[in-house]
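Worksheet: the structure to be examined is printed underneath.
The values are calculated or read from the model by the stated rules, or taken from the named source; none is laboratory data. Worth saying up front: this structure is predicted, and the values here are computed from it rather than measured. Note that each Cβ is placed from the backbone with ideal geometry, even for glycine, and that neighbours are counted across all protein chains shown. Heads up: the accessible areas ignore ligands, DNA and RNA and are worked out on the full protein's heavy atoms, side chains in. Shrake-Rupley method; radii C 1.70, N 1.55, O 1.52, S 1.80 Å.
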Amino acid sequence: MGLKEWLIPQDKHFFNMLENESNNVLDGSKIFLEMLNNYENIKEKQQKIKDIEHQGDDFVHEIFEELNKTFITPIDHEDISALASAFDDVLDYIDGTAARFVLYEIKKPEESMIRLAEVILKQATELNLAICGLRNIKNPKDIEKRCIEVNRLENVADDIYKSSVALLFKQKDAIEIMKLKEIYERLEFATDKCEDAANVISDIVVKNS
């Protein structure tokens, strides 16, 4: 065992907790896209997402509780905290957006909303694969490639968001414009938070490889 391995705890429970949170975000992303693609019984589907969001809160609390009582961690305290918070934010925006479809009585999601939900799911998938590679960081280039893809997808989401909001203002119903614009904003925020998570993972790889 080398000096680094002796100093840094071999207990990988922090990776287990981060992977649990990442899997939870992936589950929420899948159900959200399914909700928009099959836009029926949306209250039940929104409740499933709410349940996943509550589970995510439990995961985050568990991570922070463990951080508060652990002096030496496999990766920096700050990175674990930032990553847990970014994943939590992604799920919060997904949950908040799903709730607004119900509360605002949206009759049908616009095609661009579905495209943004697809982007979020792709980002969550890449992040999940990247997270699983952090345990040993045997292939840092593969992890970095996935982080770059998450950033690329965020740029795609930006373009979709800008063009969609521009089209909204060609409508005449001001209340409807406000409702749909808020949904678009929250979808775009979710993609931003995915990018934040990817940036943290990229920093972890640089520090530990």
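The single condition among (1) over 17 Å from the mean Cα position of the chain (by Cα); (2) crowded, with 18+ Cβ neighbours inside 10 Å; (3) without any contact (Cβ under 8 Å) to a residue 60 or more places away in the chain; (4) within 24 Å of ASN23 (Cβ to Cβ) that LYS138 does not satisfy is (2). Looking at ILE137, ILE120, ILE177, just one residue is aliphatic (A, V, I, L, M) and part of a loop (DSSP other than H, G, I, E, B), and that residue is ILE137. Taking the stretch 104-131 as the search range and keeping residues that are open to solvent by 10 Å² or more (accessible area, probe 1.4 Å) and under 17 Å from LEU83 (Cβ atoms), which one is farthest from the chain's Cα centre (by Cα)? The extreme case among them is LEU129. Just one residue in the set ALA130, ALA99, ALA82 is within 23 Å of VAL165 (Cβ to Cβ) and either out of contact with any strand residue (DSSP E or B) (no Cβ under 8 Å at 6 or more places or on another chain) or outside any helix (DSSP H, G or I) (or both); that residue is ALA99. Are any residues in the stretch 81-95 open to solvent by 10 Å² or more (accessible area, probe 1.4 Å) and not charged (D, E, K, R), and if so, which ones? Matches in the stretch 81-95: SER81, ALA82, SER85, TYR93.
The rows are residues; the columns are (1) out of contact with any His (no Cβ under 8 Å at 6 or more places or on another chain); (2) acidic (Asp, Glu); (3) closer than 20 Å to THR191 by Cβ.
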| site | (1), (2), (3) |
| --- | --- |
| ILE80 | yes, no, no |
| ASP89 | yes, yes, yes |
| ALA99 | yes, no, yes |
| ILE120 | yes, no, yes |
| ARG152 | yes, no, yes |
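A quick yes/no check of all residues on (1) in contact with a Cys (Cβ under 7 Å, 6 or more places away or on another chain); (2) within 19 Å of LYS30 (Cα to Cα):
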residue	(1), (2)
ILE114	no, yes
VAL119	no, yes
THR125	no, yes
GLY133	no, no
ASP142	no, no
GLU154	yes, yes
LEU168	no, no
ILE175	no, no
LEU180	no, no
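Checked against (1) touching a residue at least 24 places away in the same chain (Cβ under 8 Å); (2) assigned to a helix (DSSP H, G or I); (3) open to solvent by 20 Å² or more (accessible area, probe 1.4 Å), ALA166 meets all criteria but (1).
Yes/no per residue for (1) at pLDDT 95 or above; (2) in a helix (DSSP H, G or I):
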position	(1), (2)
GLU5	no, yes
ASP11	no, no
MET17	no, yes
LEU26	yes, yes
GLU44	yes, yes
GLN47	yes, yes
ILE63	no, yes
LEU67	no, yes
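Of the set (1) of a type in the set (S, T, N, Q); (2) over 17 Å from the mean Cα position of the chain (by Cα); (3) part of a helix (DSSP H, G or I), all apply to ASN155 but (2). Residues of the stretch 125-135 that are touching a residue at least 40 places away in the same chain (Cβ under 8 Å), aliphatic (A, V, I, L, M) and in contact with an Asp or Glu (Cβ under 9 Å, 6 or more places away or on another chain): ALA130, ILE131, LEU134.
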